[in-house]
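Please read the structure below before turning to the comments.
The values are calculated or read from the model by the stated rules, or taken from the named source; none is laboratory data. As the structure is a prediction and not an experimental result, all values here were calculated from the model. Quick reminder, even Gly has a Cβ in these numbers, built from the backbone with ideal geometry, and neighbours come from all protein chains shown. Accessible surface areas use protein heavy atoms only, side chains included; no ligands, DNA or RNA. Shrake-Rupley method; radii C 1.70, N 1.55, O 1.52, S 1.80 Å.
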Amino acid sequence: MNAPLPTPNSPADRLPLTVLIAAPRGFCAGVDRAIEIVERALQRYGAPVYVRHEIVHNRFVVESLKAKGAIFVEELDEVPEDAPVVFSAHGVPKSVPAEATRRGLEWLDATCPLVSKVHRQAERQIEAGRHIVFIGHVGHPEVIGTMGQVPAGAITLVETVDDVSGLEFAESTDLAFLTQTTLSVDDTAEVVAALRAKYPQIVGPKAEDICYATSNRQAAVKQVAPGSDLVLVIGAPNSSNSLRLVEVAERCGTDARLIQRASDIDPAWLDGVGTVGVTAGASAPEKLVREVVDRLSELRVVEEHTLVSAEEKMVFKLPRQLVD
Ligand code: 0CJ
Ligand code: F3S
């Protein structure tokens, strides 16, 4: 007599699955600081505290702050006269704090200090008489914020090597380049190389302005992806740094999927898969990583390993108004 066939989800189906967890992953120092600014503002001023734009691009972070009394809006004109307002980690054009001050609003700036550093560089380059070529993604709030540090027409946005080919500055133009903080390290190196080849006089930062957290998370994915059959990146579809992690994994030749949380995992994705890499963008809470590993453990017998490619110890100071 034939042995009975295993029923779906019986122990015989629960083949071992190796889960490689990337480190560093998840919250960076700028995200920790931005969330703490909203939390401290709620304690100091009481609810509601308004936040202009998602404080970071993650709906779980946004929902948990909403539950504590934060109100999220896209523009300053949605903020009533007597309420405090926090600007998101991505930064804002100069016109935003100027307008908040003009209206007499109590405002707090949660712009990541590494984004603010790029803002100051933009001002300096304009003062030095240079036109800025800014490498970034069209429409992203950080790009709008950085471009809004200098007069319109003083900065030109490029996204790709092709965009560089299309630039028509005269050979002698004084130029500087700056970059968004959450770009692909590899793509940006190519765009910078194209700029330097076309305009040898262009000045720029020693390393591009891509932040430590973005580069570390990309390097960590490069450690995990080659040995994985699938990489799961936890992050939001509007999170630039999270999207870049998916691309990095794919360029290692590994299938990769952006998921917001464990329930997004389709069990069919695991068919024929022996090793899954897991990472999280800089705006994704660690509890979502746990949730994902727990879900994988329901589907298969999981053996979990963390691959550490760097240690992070960065901490940023809070704005003066919030320090007792
Ligand atoms: O732009 C930043 C200062 C990064 C903030 C943290 O990440 P996230 O996902 O909110 O923002 P990006 O879309 O810029 O990655
Ligand atoms: Fe800042 Fe980089 Fe995080 S710019 S908010 S440290 S992703």
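For the reader, a short list of remarks on this structure follows.
- Filter result for GLU190 (open to solvent by 20 Å² or more (accessible area, probe 1.4 Å), over 22 Å from PRO113 (Cβ atoms), outside the structural domain of THR279 (by TED's automatic domain parsing) and not small (Gly, Ala, Ser)): yes
- Restricting attention to the stretch 262-293 and to residues that are closer than 24 Å to LYS222 by Cβ and among the acidic types (Asp, Glu), the residue that is nearest to ligand 1 (Cβ to nearest atom) turns out to be GLU286.
- Selection from the stretch 184-204 of residues that are within 16 Å of ligand 1 (Cβ to nearest atom), touching a helix residue (DSSP H, G or I) at 6+ places or on another chain (Cβ under 8 Å) and either more than 19 Å from THR254 (Cβ to Cβ) or hydroxyl-bearing (Ser, Thr, Tyr) (or both): SER184
- You will find that of PRO151, PRO237, the residue that is within 12 Å of ligand 1 (Cβ to nearest atom), open to solvent by 20 Å² or more (accessible area, probe 1.4 Å) and in a loop (DSSP other than H, G, I, E, B) is PRO237 and no other.
- The sole residue among GLU36, GLU63, GLU99, GLU81 that is out of contact with any strand residue (DSSP E or B) (no Cβ under 7 Å at 6 or more places or on another chain), open to solvent by 10 Å² or more (accessible area, probe 1.4 Å) and in contact (Cβ under 8 Å) with a residue 60 or more places away in the chain is GLU36.
- The condition of being buried (at least 18 other Cβ atoms within 10 Å of the Cβ) and either under 17 Å from the mean Cα position of the chain (by Cα) or among the small types (Gly, Ala, Ser) (or both) does not hold for ALA128.
- Subset tally (residues that are open to solvent by 60 Å² or more (accessible area, probe 1.4 Å) and not polar (S, T, N, Q)) for the stretch 84-96: 1
- Out of SER184, SER165, SER172, SER116, sole residue that is surrounded by 20 or more Cβ atoms within 10 Å (Cβ to Cβ) and either closer than 30 Å to ASP77 by Cα or touching a residue at least 12 places away in the same chain (Cβ under 8 Å) (or both): SER184
- Meets criteria (over 18 Å from GLU142 (Cβ atoms) and among the aromatic types (Phe, Trp, Tyr)) for PHE169: yes
- In the stretch 243-257, the count of residues that are open to solvent by 60 Å² or more (accessible area, probe 1.4 Å), part of a helix (DSSP H, G or I) and among the acidic types (Asp, Glu) is one or more.
- Residue satisfying all of: in the stretch 200-232; free of Cβ contacts under 8 Å to residues at least 60 places away in the same chain and either aromatic (Phe, Trp, Tyr) or within 14 Å of ligand 2 (Cβ to nearest atom) (or both); most open to solvent (accessible area, probe 1.4 Å) among these: ALA207
- When the stretch 16-31 is limited to residues that are within 9 Å of ligand 2 (Cβ to nearest atom) and surrounded by fewer than 24 Cβ atoms within 10 Å (Cβ to Cβ), the one that is farthest from SER309 (Cα to Cα) turns out to be ALA29.
Yes/no matrix, rows are residues, columns are (1) within 20 Å of GLN149 (Cβ to Cβ); (2) among the hydroxyl-bearing types (Ser, Thr, Tyr); (3) within 16 Å of ligand 2 (Cβ to nearest atom):
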{"site": "LYS66", "(1), (2), (3)": "no, no, no"}
{"site": "ALA70", "(1), (2), (3)": "no, no, no"}
{"site": "ASP77", "(1), (2), (3)": "no, no, no"}
{"site": "VAL92", "(1), (2), (3)": "yes, no, yes"}
{"site": "ALA98", "(1), (2), (3)": "yes, no, no"}
{"site": "CYS112", "(1), (2), (3)": "yes, no, yes"}
{"site": "LYS117", "(1), (2), (3)": "yes, no, yes"}
{"site": "HIS131", "(1), (2), (3)": "yes, no, no"}
